[in-house]
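Structure first, then comments.
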Amino acid sequence: MASILRFLHWFCRLALAGVFIYSGYIKVQSPLQFASAIAGYKIAPDSMIMPLANYLPWVEIALGVLLLAGWKIRYVALGAAALLVSFTVILTVTYLRGIDADCGCFGFGQKISPLTIARDTLILIPALVLIFETRLRNLTAQASTAAGRTRAG
């Protein structure tokens, strides 16, 4: 069981880091297109669009690099989860308002749809695994100990 948890840890770390680094990199390369995507959501004041377009991608890249480096993984995963929940809520609200906006998540030209909302929701799973990993390890250790007592008794 420990080897499965170790694999799950590394898989979640690398997958989440890759998603954030790639997503941030795409946005850093095209800040005006990302600004246009942000403006399309119609939730941020005009004065905040360019600062968001310039700094948010670097936050994503930083989260990805910190996950790769293994620095305070649980807290970094918590930050990633908060960002993902925010993105998912914004996507959902924009979609439900009937606004035909560009997602701007992993490039440009993909409209917000139930598929993009589901994708962003699924990306949250590795972050949650990393946040609750300690509890998961404790539960499996308790289950293993209880199974050992049952066999011995």
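The values are calculated or read from the model by the stated rules, or taken from the named source; none is laboratory data. All figures in this text were calculated on a predicted structure; none of them were measured in a lab. Cβ atoms come from the backbone with ideal geometry, glycine included; neighbour counts cover every protein chain shown.
So which residues in the stretch 71-85 are surrounded by 16 or more Cβ atoms within 10 Å (Cβ to Cβ) and of a type outside the set (G, A, S), if there are any at all?
I73, V76, L83, L84
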So, in the stretch 86-119, of the ones that are outside any loop (DSSP other than H, G, I, E, B), of a type in the set (D, E, K, R) and surrounded by fewer than 19 Cβ atoms within 10 Å (Cβ to Cβ), which residue ends up nearest to the chain's Cα centre (by Cα)? R119
Meets criteria (crowded, with 17+ Cβ neighbours inside 10 Å and either touching a residue at least 24 places away in the same chain (Cβ under 8 Å) or over 12 Å from the mean Cα position of the chain (by Cα) (or both)) for R13: yes
Over the stretch 24-70, the set of residues part of a helix (DSSP H, G or I) and exposed (fewer than 13 other Cβ atoms within 10 Å of the Cβ) is Q29, L32, D46, S47, M48, P51, Y55, W58, A69
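Kindly indicate whether T140 is of a type in the set (S, T, N, Q) and modelled with pLDDT of 95 or more. Working first, answer last.
On the way: of a type in the set (S, T, N, Q): yes; modelled with pLDDT of 95 or more: no.
For T140, the condition - of a type in the set (S, T, N, Q) and modelled with pLDDT of 95 or more - is not met.
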